[in-house]
1. What aspartates and glutamates sit close enough to residue 104 to cross-link, taking a C-alpha to C-alpha distance under 13 Å and skipping anything fewer than 8 places away on the same chain?
2. ³J(HN,Hα) across region 91-107 via Karplus (A = 6.51, B = -1.76, C = 1.60, θ = phi - 60°), whole Hz, x for Gly/Pro?
3. Just to confirm a number: summing +1 for Lys and Arg and -1 for Asp and Glu over residues other than residue 211 whose beta-carbon lies under 12 angstrom from that of residue 211, what do you get?
4. Over the Cα atoms of region 177-334, what Rg and Dmax result, in angstrom?
5. Mind checking which of 184, 238, 253 is farthest towards the positive end of region 177-334's charge dipole, using Cβ charges of +1 (Lys, Arg) and -1 (Asp, Glu) about the Cα centre?
6. Within the set of other residues whose C-beta is less than 11 Å from the C-beta of residue 21, count the net charge using Lys and Arg as +1 and Asp and Glu as -1.
7. Only four residue types carry charge here, +1 at the Cβ of Lys and Arg and -1 at the Cβ of Asp and Glu. Report the dipole size of region 177-334 about the Cα centre in Debye, rounded to the nearest 20.
8. What's the FRET efficiency of residue 56 with residue 206 using the Cβ-Cβ distance as r and R₀ = 41 Å, to the nearest 0.05?
Amino acid sequence: MFKFYKFIFFSIPYHQIGGAERVHLNIIKSLKNKPFVFFDNCNSEEIGQEFKDSAYCFSIKSNKSKKYALQFIHVISVVFRVTLFGCNTVTFYNFIGSLKGKVKAIDLTHAFSFPEKGMEITSLPFVDLIDKRVVINEKTKKDYENLYKENHIDLKLLERIVIIPNGILISDFENTIESRFENFTIGFVGRNSQEKRPELFFDIVRNLNCKAKVIGDNFEIYKNDFPKVTYFENCNIPKTIREEFSTISVLIVSSSREGFPLVIMEAMELGIPVIATDVGNIAEHVINDKNGFVGPVDAKEFLNFSSFQIKKLINNKELYVSLSTNAREYAVVNFNIENFKIEYRKLFYE
């Protein structure tokens, strides 16, 4: 009779500020009951309050703690139904490899790590143990199809892939479009990581000598060279981050790879136009001269492209207001989190 009861475990990484972490939190919040969450790259004191309120959270950085976590899941699986969800962590695949079909396994891929390829390669020996693979767009599903073909994996396993686009909470709109235009500030929101290419954002700042704001962590190396840039760091309070975000006039997404960044959704929900590289499925949602601009991935070309578009917006209030208004309207229609919640509940409780 106990097998009617379900326990849900997450094995995920954690950063204080990051789109992936907010997606994981939204998944957790969509569940009927609190899951257990194991973070394998942070200390317990670093875990944000929203995660602690929504789940039973544990840091398992050491091999010893990972062993105990695995034993705990194994014991629970003997008596109860267990679902294990993982994203971008080797620990998840080690767990399902050890448990060998004793749990329902679900993984999520935000985007492939081109050109080097990373966790998607790590997952290949465990593909037959993964009951469902979630991707956020058709492109990543196609990437898996190509990867399976290259590695001679049964293409019937592609039937286990489901597409669930990300979603965000659509809040009441405080129209600050005109004030953002008058105090024109370009913004970067995210981690200082290789694929995000923040150095390209700072090249744009240098090129235009314009007001700029960075919301993220670990940007110390830029502060001496760019002291006039506003830095907002070390905060995981959503309301405060939203307030800081809302003062940005244009969001710059300079990434070399993405799926579809949550930060773009959040910008558009605030009525902020986006200038982004043409990676992932960004071009499906960011439409040139309507709600933003999509430019080349090459660093030098994107520097020239984004600098040109920013100058155009600074000198054309009518265009800026139009893009901002359209961005908000697009977000309301396309990014509502309710569909996201419904699909994840189906996934976990079917």
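1. Of all the aspartates and glutamates, those that pass the test against residue 104 - Cα under 13 Å, at least 8 places apart if same chain - are 128, 131, 350.
2. Karplus values, whole Hz, x for Gly and Pro: 4, 4, 5, 4, 4, 5, x, 6, 7, 6, x, 6, 10, 7, 10, 10, 10.
3. On the way: positive: 180, 213, 228; negative: 182.
So the surrounding residues net to +2.
4. Just the Cα atoms of region 177-334 yield Rg and Dmax of 14.1, 42 Å.
5. 184
6. +1
7. Computed about the Cα centre, the dipole is about 300 debye.
8. Working: r = 46 Å, r/R0 = 1.13.
Plugging the Cβ-Cβ distance into 1/(1 + (r/R0)^6) gives 0.35.
Computed from the coordinates by the stated procedures, all read-outs in this text should not be read as laboratory data. Here the structure is a predicted model, which is why all the values come from computation and not from measurement. Counting neighbours? That spans all protein chains shown, and the Cβs are built from the backbone with ideal geometry, glycine included.
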